[in-house]
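**Q** Just dropping this structure here.
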Amino acid sequence: MRKYMMAALGGTVAGVLLATQVAGPLIAQEQQRSKSVYEQLDLFGDIFERIRAQYVEEVETDKLIEAAINGMLTSLDPHSSYLPPDDFDDMQVQTRGEFGGLGIEVTQEEGFVKVVSPMDGTPADAAGIQSGDFITHVNGESVLGLTLDQAVDMMRGPVGSEILITVVREGTPEPFDVSIVRDTIKLVAARSRVVGNTVVVRLTTFNDQTFSGLKEGLEKEIKALGGEDKINGVVLDLRNNPGGLLTQAIQVSDAFLDKGEIVSTRGRAAGDGERFNATPGDLIDGKPMVVLINGGSASASEIVAGALQDHRRAIVVGTKSFGKGSVQTVIPLRGEGAMRLTTARYYTPSGRSIQALGVAPDIVVNQPPAKPAIPEEEESPATSAARNRSEADLRGVLSNDSMTEDEKKQLEADRARAEESAKLRDEDYQLAYAVDILKGLSAIEVKP
């Protein structure tokens, strides 16, 4: 009995020692941390009151608090910020696909506003703004030292009003001014067309309309070509697509995948991660695909490109993407505002993060700069005819007796489509390259 009592006493002593030697310092450390936090908050209160009482001009209390909150969030990373009620309303309108402005997606780098991408068919696109451009001044006023939201506010204004922005562009020795007239931005999330036997779908953003627009566009063009067996593949053009809704990126990826992971997110805590998997069904039944990307392809665009690349579902062509691999959660706050907070990183199915690295294309294809239009010397009809002569133009030529009239008409139609694809090289070299890849794949018989 005495042995048991001694053992119990020894256990009690050990427990006391453990509590004093391990738990004690931890409690003291936590108390010290809490004390430090409250000291910092007291310091903030002192500064706040000193500004209100002694600043050279009277400052509105709500503006001070808003600036403090925004400063705290923007110090974390370029994508976290405070959204006052008006900005929160604007953001909700943008995800629905219509808003007023210039039509550029921007971020902040080295204190200046950097263009992620101009949106198709917008005033910024028409004015020649390019991905990678830096905006240093708005109407002659420097944006250096401003938060991203403050700089964006400077670029906002009534529809129809003019704005002058100063742009610094790589390869251009001097900054230059660009005049843009603000307009209502109506984003058409998906545009589709046919080039030869290839369906090309251009996604300009990931908003509420993206997946439905993609599906409708595919169905329309496939039907126009005479059915799925008549197409040689699909080009998904994500160039200069700045991203948008994660849910839409998952739906677009799932549209071409039958199974497997699409993307995963990992937060600060081990249990904060999520995985999103594809469901059975492929909108084009496994037809070959090419995905086009460039430096303006960001966020949701990179999720789609990374998923299709990792599953070897598509060949990714173009140049390295932007490299935004973080997830922002919009959290509504009291007072009808919200905060946009980076809460996770996302990873492609193979487990790679593209944060600050981007998606590397399988085939790197640079887009040549547009050539200035230089009028060519007109050649005489006789010279043109002589240059384009062939066997069929010779007098007394033998006829081709191996083809029916219908077969000859089909040959001419195929030749016209090939010439259309060739013209595309001068207009959009990267897209022409993608179309040629699918055309080449269709020329090879793949045996099961």
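The values are calculated or read from the model by the stated rules, or taken from the named source; none is laboratory data. This is a predicted model, so every value here is computed, not measured. Neighbour counts run over all protein chains shown; Cβ positions are idealised from the backbone, glycine included. Surface areas here come from the heavy atoms of the whole protein model, side chains and all, with no ligands, DNA or RNA. Shrake-Rupley method; radii C 1.70, N 1.55, O 1.52, S 1.80 Å.
**Q** Tell me, please, whether a residue that is among the hydroxyl-bearing types (S, T, Y), assigned to a loop (DSSP other than H, G, I, E, B) and within 21 Å of the chain's Cα centre (by Cα) can be found in the stretch 203-217.
**A** The answer is yes; a qualifying residue exists.
**Q** Based on this model, can you work out whether G157 counts as of a type in the set (G, A, S) and either part of a helix (DSSP H, G or I) or within 18 Å of the chain's Cα centre (by Cα) (or both)?
**A** So G157 does not fit the description; no.
**Q** Residues that are modelled with pLDDT of 90 or more and open to solvent by less than 40 Å² (accessible area, probe 1.4 Å): which helices (runs of 4 or more DSSP H) entirely in the stretch 1-120 hold 1 or more of them?
**A** Those helices (runs of 4 or more DSSP H) span 24-54, 61-74.
**Q** I would also like to ask the following. Filter the stretch 174-200 down to the residues that are under 26 Å from K230 (Cα atoms), open to solvent by 10 Å² or more (accessible area, probe 1.4 Å) and among the β-branched types (V, I, T) and list them by number.
**A** V194
**Q** Taking E336 and the conditions (1) in contact with a Pro (Cβ under 8 Å, 6 or more places away or on another chain); (2) at negative phi; (3) of a type in the set (D, E, K, R), which numbered condition does it fall short on, given that it satisfies the others?
**A** E336 satisfies every listed condition except (2).
**Q** Taking the criterion of being more than 30 Å from E105 (Cα to Cα), surrounded by fewer than 23 Cβ atoms within 10 Å (Cβ to Cβ), in contact (Cβ under 8 Å) with a residue 12 or more places away in the chain and of a type in the set (V, I, T), would at least one residue in the stretch 220-227 satisfy it?
**A** Initially, the stretch 220-227 is screened for residues more than 30 Å from E105 (Cα to Cα), giving 222-227.
Checking which are surrounded by fewer than 23 Cβ atoms within 10 Å (Cβ to Cβ) leaves us with 222-227.
Checking the rest, the ones that are also in contact (Cβ under 8 Å) with a residue 12 or more places away in the chain come to 222, 224-225.
Cutting the leftovers down to of a type in the set (V, I, T) gives us 222.
Checking the stretch 220-227: at least one residue is more than 30 Å from E105 (Cα to Cα), surrounded by fewer than 23 Cβ atoms within 10 Å (Cβ to Cβ), in contact (Cβ under 8 Å) with a residue 12 or more places away in the chain and of a type in the set (V, I, T).
**Q** In addition: Does I331 fit the bill of being surrounded by fewer than 20 Cβ atoms within 10 Å (Cβ to Cβ), in contact with a strand residue (DSSP E or B) (Cβ under 7 Å, 6 or more places away or on another chain) and part of a strand (DSSP E or B)? Give the derivation first.
**A** Working: surrounded by fewer than 20 Cβ atoms within 10 Å (Cβ to Cβ): yes; in contact with a strand residue (DSSP E or B) (Cβ under 7 Å, 6 or more places away or on another chain): yes; part of a strand (DSSP E or B): yes.
Here the answer is yes, as I331 does meet what is asked.
**Q** What's the total number of residues in the stretch 281-328 that are open to solvent by 10 Å² or more (accessible area, probe 1.4 Å) and in a strand (DSSP E or B)?
**A** Residues that pass the stated criteria total 4.
**Q** Looking for whichever is farther than 30 Å from S442 by Cα and either in contact with a Leu (Cβ under 8 Å, 6 or more places away or on another chain) or of a type in the set (V, I, T) (or both) here; the options are I185, I222. Which one fits?
**A** I185
**Q** Something else now. How many of the residues in the stretch 142-154 are buried (at least 17 other Cβ atoms within 10 Å of the Cβ) and assigned to a strand (DSSP E or B)?
**A** Of the stretch 142-154, the ones buried (at least 17 other Cβ atoms within 10 Å of the Cβ) are 143, 146-149, 151-152, 154.
Imposing the further condition that a residue be assigned to a strand (DSSP E or B) reduces the set to none.
Residues that pass the stated criteria total 0.
**Q** Could we say that L164 is at pLDDT 95 or above, open to solvent by 10 Å² or more (accessible area, probe 1.4 Å) and either in contact with a His (Cβ under 9 Å, 6 or more places away or on another chain) or more than 27 Å from L203 (Cα to Cα) (or both) here?
**A** yes
**Q** Let me ask something else about it. When you look at L203, is it buried (at least 16 other Cβ atoms within 10 Å of the Cβ) and under 23 Å from G295 (Cα atoms), yes or no? Show your work before the answer.
**A** Working: buried (at least 16 other Cβ atoms within 10 Å of the Cβ): yes; under 23 Å from G295 (Cα atoms): yes.
Against the criterion (buried (at least 16 other Cβ atoms within 10 Å of the Cβ) and under 23 Å from G295 (Cα atoms)), L203 qualifies.
**Q** Let me ask something else about it. For the stretch 397-412, does any single residue satisfy the condition of being open to solvent by 80 Å² or more (accessible area, probe 1.4 Å), modelled with pLDDT under 85 and hydrophobic (A, V, I, L, M, F, W, C)?
**A** Yes.
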